[in-house]
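A.B. asks: What follows is a structure written as structure tokens; I'll ask about it next.
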Amino acid sequence: MPIKSYLAHPHKDKKDELFKALSSIEQCEVIPAENKDLLILITDTQNNFEEDTLKEKLETITSLKLLAMVSGFNTPKNT
Amino acid sequence: MYTSVLTDRRSFIKRMALLSAMTAAATMFPGILFAEEQERGLPKNGNLDWKKAPCRFCGVGCGVLVGIENGKAVAVKGDPKSEVNKGLCCVKGYHSVIAMYGKDRLTKPLIKKNGKYVETSMKEALDLIASKMKETIKDYGKDAVSIYGSGQWTIPDGYVASKLFKGCIGTNNVEANARLCMASAVTGFMTSFGMDEPMGCYEDIDYADVFVLWGNNMAEMHPVLFSRMLDQRSKRNIKIIDLATRTTRTSKASDRSIIFEPQTDLAIANAICYEIIKNGWVNKSFVEKHCNFSKGLTNIGYGLEDKFKFKDKPEKITFEEYKKFLEDYTPEKVSKLSGVSVRDIKYMASYYGDPNKKVMSLWCMGVNQHTRGTWMNNLVYNIHLLTGKISEPGNSPFSLTGQPSACGTVREVGTLTHKLPKGVVMNKKHREIAAKIWDVPVENISPKPTYHTVEMFRALDRGDIKFMWIQVTNPMVTMPKLKRYRDAAKKEGRFIVVSDIYPTPTTDIADVILPSAMWIEREGMYGNSERRTQYFEQMVEPPGESMSDTWQLIEVAKRMGYEKQFYYKEETHIEEIYNEYIQFHKGKKHGMAPLEVLKEESGAIWPYVDGKSTQWRFNSKYDPATTKEGFDFYGKPDGRAVIWQRPYEPAAEVPDSDYPYWLNTGRVIEHWHTGSMTRRIPVLHKAMPYAYVELNPEDAKRMRIKTGDKVKLTTRRGEIIMPASVNERGIPAPMQVFVPFFDENMLINDITLDSFCPISKEPDYKKCAVKVEKV
């Protein structure tokens, strides 16, 4: 099921806070930029329900200013 | 959402998603670093040896550092010391070394015997090539043999090819695929300035206030330079204007996207000139001191017939005559023709006309692959010359290239039928210089050009050419109206040699296949779009019996009896060839940097004079070759550049009731040209696994076509079926479709048209008429 990648833009001075918030979510892998206020977020969910739940969780993160989707892939969860 | 073809490699997909995001981030935030991720995958505790090289892919010529471990290239990063890319690296460059290690790499020479390819030794293959060439020359004459190379040829590859064919054998049957992408830029420079290649450099990006992109999808085709522009936008108040026939990633990142009807860029450029004159924005002092006005022939044809000939007849005109000519190009008239609003035409003209704004124009295939490509190049220069915005930091008409050495090899070494390393074959003095340096009798060098690329393949079809050696290019994917030329190559009595690193549709037509050494498996130099020559050393061993294209040619030359001219030693031949070659360019106008400088630095920009690169030519502040204060366009005998009167003329084939759509072809960011290398890089191949046809969403809705549906495209040359793409990567204007050409399983060039610019002989891959149907 879906694997998606996003560019996550934090609110001003909230990059570390956003990193912690995203990292605490099981379906999220986060790679912060070293020198810019930006994080890459990779999400990996099992089904549509899990995807919708994740979306709701992301919407509650106050340090997140903008989430821009870069790619989305549907692939069976088999390996 | 894309449905992946992968079913068992979820982690691989995750990495692909990550790389897509990193690529997008790098485009939006130049210089962005993800250190942890960049280090991941590299050998732990390894002793990586980082060595510098210019990137193998596009014409930007980014400096990269290649990480070598245990004799294998294992990593790439942008070279922070490179003035070209300042440490940036695009998705193709970042993965470039993977292209060297594809599973089906050619490692042994193959000879076709009884319809099957049989492995042989390199010695036997080279013996056969030499004997076949000698036999063909004996039976049919020297003009029955030919070589077709590439803008991916290193400088030494192209140099020895030219020396062997033009100097020793005595035929001008030397062409290169840069004819298909850069020839109009060359003839544009030659007609406007009398000298090839841009007067400015990439540093112009750091000074310009406005960037006008003429049919140039830089976000995908020149992503590192586009990132440099976006970087400037984040620091200064600059504007990016995308003038194109299709909405692309570049359009979306620009400040203004202006869509025009195909071919009407000719009229738009004239309308901008009209506005400049009408509003009193002409830099009168500059024009009076440094420009002439000329006109040439009109209704010049499209080259569709075999043996098509054209010679322009330039005629000087006055400024008043030119002004009168432009009355046909008022914004109101041009708006009706082009679909561009009067407001947008005036908007662009106002930036060019504003004396306080520095303007950079950039273009590549949209302008060059055009049946009036030379004219289009002239017209962009007209705008810069009328306003005096040229040859100084930030004011720069800049023609970009698509291959790593289209400039360094094809244009500077001169691997085109009419060219010599210095000058042209038609010029007695130039032939004498070449004969002296090549150590051949001057009579050997024929004063008559033979075939440009399209005509060379037509000659193969007719049987005028019997032997063709193709190196480092894939014409059986790239030739327009491809089927004719594929059938030609298979005809009885033709002998084709192909040197390449992987099997391609071009190796399929070969009688002999030679495995070539790729990029850093050998030593060489490339020359990029800003006149920068860059050196790379051999870093790893080539696989099996693979051999550099340079040494293949030398071995054959020796076998043909030219030992005296091809005296080079195997261990030092690249240095010997380079030192011989740069004798052609001695002097202040084109002096090349010594090899030791190239080895030490990230390249040098010619003219290299008194130990310094020349960044801006023709301006006495920067260019030591000028002979007067201010500007000196010394390519022309009187030091004046030419403002050309060039009209709008329609395309060779326009949509009609039978074929109602425009067909445009081009590239995508993931793949480089025909994809023979990038399709062997798993992450790039999986990200863009096959070609597609982009449709305008309204057209698609009307025909009930959605993404993934099969669509049949039919032109007067044939038909092809491919999946639709709607509202995805790019969005064509209504009644237009776009197809990328990287996919050898869906050869779009089977149905394109082989019309070309009569002056440059460069084909127009951007415009022909097509019927579109849902299957």
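A.B. asks: Would you work out the relative contact order for segment B:305-402, in percent, from Cα pairs under 8 angstrom that are 6 or more residues apart? Working shown, then result.
C.D. replies: Working: 61 pairs, mean separation 22.6, N = 98.
Answer for segment B:305-402 is 23 percent.
A.B. asks: Ranked by Cβ crowding within 10 angstrom, fewest neighbours first, how are B:581, B:502, B:567 ordered?
C.D. replies: Details: B:581 22, B:502 19, B:567 13.
In increasing order of surrounding Cβ atoms, one gets B:567, B:502, B:581.
A.B. asks: Using modelled backbone amide H atoms (1.01 Å from N, in-plane), which distant-in-sequence or interchain residues come within less than 5 Å of residue B:396's amide H?
C.D. replies: Here B:359, B:360, B:361 satisfy the definition.
A.B. asks: Shifting gears a bit: I'd like to know which of B:60, B:756, B:685 lies farthest towards the positive end of the charge dipole of chain B, counting +1 on Cβ of Lys and Arg and -1 on Cβ of Asp and Glu.
C.D. replies: The one lying farthest along the dipole's positive direction is B:756.
A.B. asks: For the protein assembly as shown, count all C-alpha to C-alpha pairs, find those more than 48 Å apart, and express that count as a whole percent of the total.
C.D. replies: Values: 66585 of 364231 pairs.
When every Cα pair of the protein assembly as shown is considered, 18 percent fall beyond 48 Å.
A.B. asks: What Kirkwood hydrodynamic radius, in Å, does segment A:3-73 give when the mean of 1/r is taken over all pairs of distinct Cα atoms and then inverted? Before the final figure, lay out the partial values.
C.D. replies: Details: mean 1/r = 0.0828 Å⁻¹.
Answer for segment A:3-73: a Kirkwood hydrodynamic radius of 12.1 Å.
A.B. asks: Tell me, what are the semi-axes, in whole angstrom and largest first, of the equivalent ellipsoid of segment B:661-752 as set by the roots of 5 times the Cα gyration tensor eigenvalues? All intermediate terms of the calculation are to be shown ahead of the outcome.
C.D. replies: On the way: eigenvalues 96, 46, 23 Å².
Result for segment B:661-752: semi-axes of 22, 15, 11 Å.
A.B. asks: Follow-up. Straight-line reach only, C-alpha to C-alpha below 17 angstrom: list the lysines that residue B:108 could link to, leaving out same-chain residues fewer than 8 apart.
C.D. replies: Cα-Cα hits under 17 Å: B:116, B:123.
A.B. asks: Sticking with this one: List the relative contact order of segment A:3-73 as a percent without decimals, with contacts defined as Cα pairs under 8 Å and 6+ residues apart. Present the calculation step by step, with values, prior to reporting the outcome.
C.D. replies: Details: 107 pairs, mean separation 36.5, N = 71.
In percent, rounded to a whole number, it is 51.
A.B. asks: Still on this structure, I have one more. What are the lysines whose alpha-carbon lies under 18 Å from the alpha-carbon of residue B:466, with same-chain residues fewer than 8 places away excluded?
C.D. replies: Straight-distance partners of residue B:466: B:112, B:132, B:134, B:138, B:142, B:166, B:307, B:490, B:491.
A.B. asks: Assuming R0 = 56 Å, can you tell me the calculated FRET efficiency for the pair residue A:11 and residue B:327, based on Cβ-Cβ distance, to the nearest 0.05? Write down the numbers at each step before the final one.
C.D. replies: Details: r = 56 Å, r/R0 = 1.00.
That pair, residue A:11 with residue B:327, gives E of 0.50.
A.B. asks: Which order do B:376, B:746 fall in if you start with the one that has the fewest other Cβ atoms within 10 Å? Could you put the intermediate results ahead of the total?
C.D. replies: Numbers: B:376 26, B:746 19.
Neighbour counts put them in this order, fewest first: B:746, B:376.
A.B. asks: Something else about it: Check each of the chymotrypsin sites (Phe, Trp or Tyr not before Pro) in segment B:323-359 and keep only those in coil by DSSP with at most 16 other C-beta atoms within 10 angstrom; list them in order. Before the final figure, lay out each step's value.
C.D. replies: Working: sites: B:325, B:329, B:347, B:351, B:352; in loops: none.
Passing both the DSSP loop test and the Cβ count: no residue.
A.B. asks: Give or take rounding to whole Å, what are the principal axis extents of the alpha carbon atoms in segment B:136-186, in descending order?
C.D. replies: Principal extents (largest minus smallest coordinate, Cα): 36, 21, 14 Å.
A.B. asks: In percent, what relative contact order does chain B have, based on Cα pairs under 8 Å that are 6 or more apart in sequence?
C.D. replies: Numbers: 1752 pairs, mean separation 151.1, N = 775.
Taking the mean separation of contacting Cα pairs over the length of chain B, I get 20 percent.
A.B. asks: Past 22 Å, Cα to Cα: identify those pairs from B:14/B:72; B:239/B:357; B:239/B:389; B:586/B:636; B:357/B:628; B:428/B:569, in the order given.
C.D. replies: On the way: B:14/B:72 26 Å; B:239/B:357 10 Å; B:239/B:389 17 Å; B:586/B:636 19 Å; B:357/B:628 26 Å; B:428/B:569 31 Å.
As for pairs spanning more than 22 Å Cα to Cα, those are B:14/B:72; B:357/B:628; B:428/B:569.
A.B. asks: At a temperature of 10 °C and a viscosity of 1.306 mPa s, determine how fast segment B:155-240 diffuses translationally according to Stokes-Einstein, using the Kirkwood radius over alpha-carbon pairs as Rh; express D in µm²/s, rounded to the nearest whole number. Present the calculation step by step, with values, prior to reporting the outcome.
C.D. replies: On the way: Rh = 16.1 Å.
My calculation gives 99 µm²/s for D.
A.B. asks: Quick check: the distance between the Cα centres of segment B:257-279 and segment B:463-527, to the nearest angstrom?
C.D. replies: 40
A.B. asks: When a/c is below 1.5 the answer is rounded, else prolate if a/b is larger than b/c, else oblate, so apply that to chain B with a ≥ b ≥ c taken from the square roots of the Cα gyration tensor eigenvalues.
C.D. replies: Working: a/c = 1.28, a/b = 1.14, b/c = 1.12.
Note, shape of chain B comes out rounded.
A.B. asks: What three numbers, in Å, describe the spread of the alpha carbons of segment B:523-638 along their principal axes, ordered from the longest?
C.D. replies: 56, 31, 21
A.B. asks: Restrict the search to segment B:240-320; then list the GluC sites (Glu not before Pro) that DSSP places in a loop and that have at most 12 other Cβ atoms within 10 Å of their Cβ. Each step should come with its number before you reach the end.
C.D. replies: On the way: sites: B:275, B:288, B:305, B:315, B:320; in loops: B:305.
Passing sites in segment B:240-320 are B:305.
A.B. asks: Binning at 10 Å from 0, report for segment B:245-399 what percent of all alpha-carbon pair distances ends up in each bin.
C.D. replies: Per 10 Å bin, starting at zero, the Cα-Cα P(r) for segment B:245-399 comes out as 10, 37, 38, 13, 2 percent.
A.B. asks: Oh, and also: Would you list B:484, B:105 from fewest to most Cβ contacts within 10 Å?
C.D. replies: On the way: B:484 15, B:105 18.
Least to most surrounded, the residues fall as B:484, B:105.
Each reported figure results from applying straightforward, stated rules to the coordinates on display, with no laboratory input. All figures in this text were calculated on a predicted structure; none of them were measured in a lab. Note that each Cβ is placed from the backbone with ideal geometry, even for glycine, and that neighbours are counted across all protein chains shown.
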